[in-house]
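Worksheet: one structure, shown below.
The values are calculated or read from the model by the stated rules, or taken from the named source; none is laboratory data. The model shown is predicted, which means the values in this text are computed figures rather than measured ones. Note: ideal-geometry Cβ built from the backbone for every residue, glycine included; neighbour counts use all protein chains shown. Accessible surface is based on the protein model in full, side chains and every heavy atom, while ligands, DNA and RNA are left aside. Shrake-Rupley method; radii C 1.70, N 1.55, O 1.52, S 1.80 Å.
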Amino acid sequence: MAISEFQSLDAPPSLVSPKRRGTILIVDDEEGPRQSLRVIFKDDYDLLLAADGGTAIRLAQEHDVDVAVCDIRMAGMSGIEVLERLKYVNPAIEVVMITAFETTDTIRQALRLRACDYINKPFEVANIRAAVANAMQRRTLEGEITTNAEQLQALQAELQNHKINEQIAQTRGDIYASIIHDINGPLTVISGFVQIMNQRVGNSARLEPEDLEFVKDRLKVVTRQVTNCIEISRRYLGFLRRQSDEAPRVGLNQLFNDMNHLLRVHPSLQNNHFQIHSLPEDIGVRANGTDVIQMLLNLCVNAFQASPRGCHVEISGEVIRQPLDLRRFKDSPGERLLNMESFDNTAPLARLAVRDNGPGIPPEILPKIFQPYFTTKGPRQGTGLGLNIVQRLMKEARGALHIETQPGNGTTFSLYLPAAPLAR
Ligand SMILES: Nc1ncnc2c1ncn2[C@@H]1O[C@H](COP(=O)(O)OP(=O)(O)OP(=O)(O)O)[C@@H](O)[C@H]1O
Ligand SMILES: [Mg+2]
């Protein structure tokens, strides 16, 4: 038996483009019913015919079947088994079972296996037509729902990306504000000295030698402050420019210095203390300076905010002259190493560590903290984007991110970044 009978009656199968009028798979081991089903449906759908279960499964694997009409009682593989395997090939295929003298148990089993309907043999043409039309409608609806869900998911991902970029831009805005803040100091000095010089020489027709000395002396201060302004703007503009392959111009100690300025006035500081240890021997990192400040700031603010009663945060740097021995790191309930797939483990490396003696991170939370929008802070208090941004920026810089924590005993975040000697 089991001669496969595969026909798509209106066109050869290879020419049938899927999904215009729906495809029906008819499975019956008896020639008579198989042919009568063919005649009933040939004008409305593309058809595939199978005389046994094995052929039916193969056809379902090779073609995009929407609805199967399957006889329950067949020699060889039973209709129930065919139903089960068709759902395995593609759970979206709707199956209408054709029953003869089956017990309610068999019918119940078919429905449990997600057959969408059953029709008694001998069947009325109107009944089988209605059952198949219903099944086809369900299949189309399900397809639409899946497409909609996929579109929604894509939209959500896009929105998430957009929000993260917005957050990055916002911190960049904070850095612009601090440029203005830093330049404001020297500008105040310059404007004060210019006023004093104006008062001294403004109305005199000629300068006495002591006036000249006075002006020269004040001009030195002004020149020093102007140079200062230029340095500050150069440094920040360098931060904001994307990193190139050139030797870094800004060293870690300078970044630490800027961090110090930012943290001293940060609203989250409150009862917390911080200490920054500069490096005995300065080095540059092959990363965008703004990004480094942004990452350190995120980590410090997290530590401050995790400790309502106040904690101590230490920021330190270290130059590592060998590639990291990755075997000494492990993923455990209190430790994680991230971004290994993009890490450039070439010496020299710089390790920037932010250590706090706050409450630590519970093991059930640790795997989630880098997910976008994960936060343990109340609504409106945290976006849950901070650590996700840190992880993204580290990936861009081809660095690795390590976290070690113990409930009650604080947390240390370490950023391992490719480093290079400073440009002269
Ligand atoms: N140093 C830390 N100590 C204890 N828990 C921390 C620490 N750093 C992060 N966490 C936990 O990780 C979670 C996620 O941090 P993340 O910076 O991504 O978002 P957030 O700080 O909650 O929100 P936002 O950054 O927008 O303020 C925090 O809600 C907190 O539970
Ligand atoms: Mg945060």
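Among (1) modelled with pLDDT under 85; (2) open to solvent by less than 70 Å² (accessible area, probe 1.4 Å); (3) assigned to a loop (DSSP other than H, G, I, E, B); (4) not hydroxyl-bearing (S, T, Y), where does F101 come up short?
So the condition that F101 fails would be (2).
Quick one: is T375 outside any helix (DSSP H, G or I) and either within 16 Å of ligand 1 (Cβ to nearest atom) or without any contact (Cβ under 8 Å) to a residue 60 or more places away in the chain (or both)?
yes
Taking the residues in segment 349-386 that are open to solvent by 40 Å² or more (accessible area, probe 1.4 Å) and touching a strand residue (DSSP E or B) at 6+ places or on another chain (Cβ under 6 Å) as candidates, determine which candidate is nearest to ligand 2 (Cβ to nearest atom).
My answer is R355.
I'm trying to understand the selection: among the residues of segment 288-337, which are over 16 Å from F274 (Cβ atoms), open to solvent by less than 40 Å² (accessible area, probe 1.4 Å) and within 16 Å of ligand 2 (Cβ to nearest atom)?
D291, Q294
Which residues, taken from segment 333-355, are among the basic types (K, R) and over 13 Å from L401 (Cβ atoms)?
Passing the criteria: only R355.
Identify, by number, the condition in (1) away from ligand 1 (no atom under 16 Å from the Cβ); (2) closer than 30 Å to L263 by Cβ that Q160 doesn't meet.
(1)
Quick one: is A419 open to solvent by less than 50 Å² (accessible area, probe 1.4 Å), within 25 Å of G289 (Cβ to Cβ) and modelled with pLDDT under 90?
So A419 fails the test.
Does any residue of segment 343-361 turn out to be within 20 Å of G399 (Cα to Cα) and without any contact (Cβ under 8 Å) to a residue 24 or more places away in the chain?
No, segment 343-361 contains no residue that is within 20 Å of G399 (Cα to Cα) and without any contact (Cβ under 8 Å) to a residue 24 or more places away in the chain.
Test K395 against the criterion of being within 11 Å of ligand 1 (Cβ to nearest atom) and either farther than 27 Å from T290 by Cα or charged (D, E, K, R) (or both), and give yes or no.
Spelling it out, it is not the case that K395 is within 11 Å of ligand 1 (Cβ to nearest atom) and either farther than 27 Å from T290 by Cα or charged (D, E, K, R) (or both).
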